[in-house]
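Structure record follows, encoded as structure tokens.
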Amino acid sequence: MDKKKILIVEDEADIRELLRYHLEREGFDVLEAGDGPAGLALARTEQPALMLLDVMLPGMDGFDVLRGLATENGPLVPVLLLTARGEEVDRVVGLTLGADDYVVKPFSVRELMLRVKAILRRQERARSGTVLRHHGIALDAERHRATVNGESLALTATEFRLLEDLLRHSGAVRTREQLLNTVWGYSFEGYARTVDTHVRRLRAKLGAAADVVETVRGVGYRLKED
């Protein structure tokens, strides 16, 4: 079986070396870039299974790299942001631009590896599945396409997975913890607000179908029953 390629875009050589060591131990092929333009070029030519992308980069920052990777279905490749910034607004910007997840420096290598594997598992699941339909919403996981009444939705990868989970459990209440586990692939205290942020953005993109996503106060979310 071919090894999955992981692209590290990070200007600090010691961090690149640390990440390379642990990724290769896990059986991945590793590509490296030390600045934004080089990382964007490698992502386009190599199309790795995942990009580990630092936000503060020379040449162009990580947000500009994400913009350069944009397609109508989200970034060209899955992206895990590496950031030293603590402000929530920076994390929200990255997720809004289509990043799958983020870790804040200094990060735990073990946690980072868990998130890498969680993103890759989600990508595998997305490649298999049937078309899900509910209240005018249709989602084709294999083609990574979602529509409302026939009109295409421009969803980020995470918004797509969130909608898929709600569709697969239509009518059932999904707690924030369940959504963190299935959509993000992990559950850590304090991340529940991440779910709320993505639900708000998903509703905005659903337009006239926004009220199909119901809030169950104190519990979580569900898709309205037929």
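The values are calculated or read from the model by the stated rules, or taken from the named source; none is laboratory data. Being a predicted model, the structure only gives us computed values, none of them experimental. Cβ placement follows ideal geometry from the backbone for every residue including glycine, while neighbour counts extend to all protein chains displayed.
With respect to Glu159, determine if the residue is closer than 22 Å to Val55 by Cβ, without any contact (Cβ under 8 Å) to a residue 60 or more places away in the chain, assigned by TED's automatic domain parsing to the domain that holds Arg201 and of a type in the set (Asp, Glu).
Yes: the conditions hold for Glu159.
From the list Leu167, Leu139, the one residue that fits, being surrounded by 15 or more Cβ atoms within 10 Å (Cβ to Cβ) and part of a strand (DSSP E or B), is Leu139. Scanning segment 13-34 for residues that are surrounded by fewer than 18 Cβ atoms within 10 Å (Cβ to Cβ), charged (D, E, K, R) and touching a residue at least 24 places away in the same chain (Cβ under 8 Å) yields Glu26, Asp29. With the structure loaded, tell me whether Val55 is out of contact with any Phe, Trp or Tyr (no Cβ under 6 Å at 6 or more places or on another chain) and under 20 Å from Arg110 (Cα atoms) or whether it fails that test. So Val55 fails the test. Could we say that Arg110 is at pLDDT 85 or above and surrounded by 17 or more Cβ atoms within 10 Å (Cβ to Cβ) here? No. Can you confirm whether segment 148-157 contains a residue that is at pLDDT 85 or above and over 20 Å from Thr71 (Cβ atoms)? So far as segment 148-157 goes, yes, one or more of its residues are at pLDDT 85 or above and over 20 Å from Thr71 (Cβ atoms).
Could you tell me whether Gly129 is at pLDDT 80 or above and either farther than 22 Å from Glu26 by Cβ or not in a helix (DSSP H, G or I) (or both)? Here the answer is no, as Gly129 does not meet what is asked. Residues in segment 78-87 that are over 10 Å from the mean Cα position of the chain (by Cα) and touching a residue at least 12 places away in the same chain (Cβ under 8 Å) were compared, and the one that is surrounded by the fewest Cβ atoms within 10 Å (Cβ to Cβ) is Gly86.
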